[in-house]
Structure formats: C-alpha cells, structure tokens
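Structure record follows, encoded as structure tokens.
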Amino acid sequence: MRKIAEEKDKLEPAKESPETRALKRFFPQGRGRLEGKIVRGFFGPDSPEVREVGGMQSKWIMGGLFCVFTWDEWTSSGAKKVNPIHGYCIVGWDSRDGEYRMLRAANLGVLHQLNGRLDGNRLAFVSDEALIKGKPTRIRYTLTWKRRKVIVWVGEWSVRGGPWKKISESHLIYA
C-alpha cells in the first residue's frame, strides 16, 4: 500500500529560526512612534511635501514566526492634520520558499505582497508589478537598522520599469 505522504513531504509546524530571529531587530516587540516625510507630488501633481507622525506597534505571533506590524499616522502640511493612514503588515520568513515576505494593507485601498532580502543592517522588500494610478508600478520598502529600537523605513516606487523614486522616509522609534 502506498504511503499517504513521503517522509520529506510531511508538513510539520515551523519553528523560530535564525531568519525569523534576524527580523526582530527591524520589528522589535512593542510600541513606538513614527515621524517622517512624504515627498512633494505624491498625493497629486501640486501636492506639497508633507510631514507624517503617528504611532506603531510590532507584535510577534505564532511562537515568534510572524510579526503583525500596525500603524496609525497622520499627514500634515503646516499645522493642519489632513490624512489619517492606518495600516497592517504581516512579516515573516517563508520556510517553504526560503524567503522573507511582507503582506501590507492600508486604508488607502492598497494591498501589496512583497518579497524580501536581508543584507546586514538592511532589509528590503519589493512587490511584483501592479497597476497603481493606471501605471505598471513596483513598490520597494527598505528598512535600515540604525541602532537598538531605531529603524529608518524608506518607501520607493518604480513606474514602468524606470528608476526607483523615493515616496517617503520615516523613522520608527520604539519605546
């Protein structure tokens, strides 16, 4: 009688690995604040550079396999808060495919799946091409570990395979 599953094909619960532990520098458990800037023209051709401020939280789940990262931020030009942005990410190591992954959603109506790569103090996630504002676009988020509990998060996009252009730069400061 044929075995239902070969030994190598058995699915067993994953365990925390060196790859998941490496992510904890970029997403330490806890709460903090974020502050940064979104570039001129991002919200429309004549939109000014805007400041972003808010709070965020990282919570490790499933025995340390995945991190749920949430944020609530407000953009402002001058003293007026104009645009609340709320979002969620699930970040982790895909042990079957051997790759970092991020699934990111925000109240702006976007949902991205990104594949990641760790190189020293930099962790970069890149999306597949998708239509954004009617144009084929890729998104890249690069997180740079500056010091314990301080991360710089840079958002960029590439339209129609062109050069990467900065969208935003935020400092995540954990308590």
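Just so you know, all these numbers are worked out from the coordinates, no wet-lab data involved. A quick note: this is a predicted structure, and the numbers were derived from the prediction, not measured. Counting neighbours? That spans all protein chains shown, and the Cβs are built from the backbone with ideal geometry, glycine included.
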Residue that is under 25 Å from ARG147 (Cα atoms) and polar (S, T, N, Q), where the choices are SER76, SER47, SER17, SER95: SER17
First in the range 158-172 and part of a strand (DSSP E or B), second anywhere and acidic (Asp, Glu) and surrounded by 11 or more Cβ atoms within 10 Å (Cβ to Cβ), Cβ under 8 Å, 6 or more apart: LYS165/GLU156; LYS166/GLU156; ILE167/GLU156; SER168/GLU52; SER170/GLU35; SER170/GLU52; HIS171/GLU35
Whichever residue in the range 123-135 is surrounded by 14 or more Cβ atoms within 10 Å (Cβ to Cβ) and not hydroxyl-bearing (Ser, Thr, Tyr) and, among such residues, is nearest to PRO45 (Cα to Cα): ILE132
Hits in the range 56-75 (condition: in contact with a strand residue (DSSP E or B) (Cβ under 8 Å, 6 or more places away or on another chain) and surrounded by fewer than 14 Cβ atoms within 10 Å (Cβ to Cβ)): LYS59, ILE61
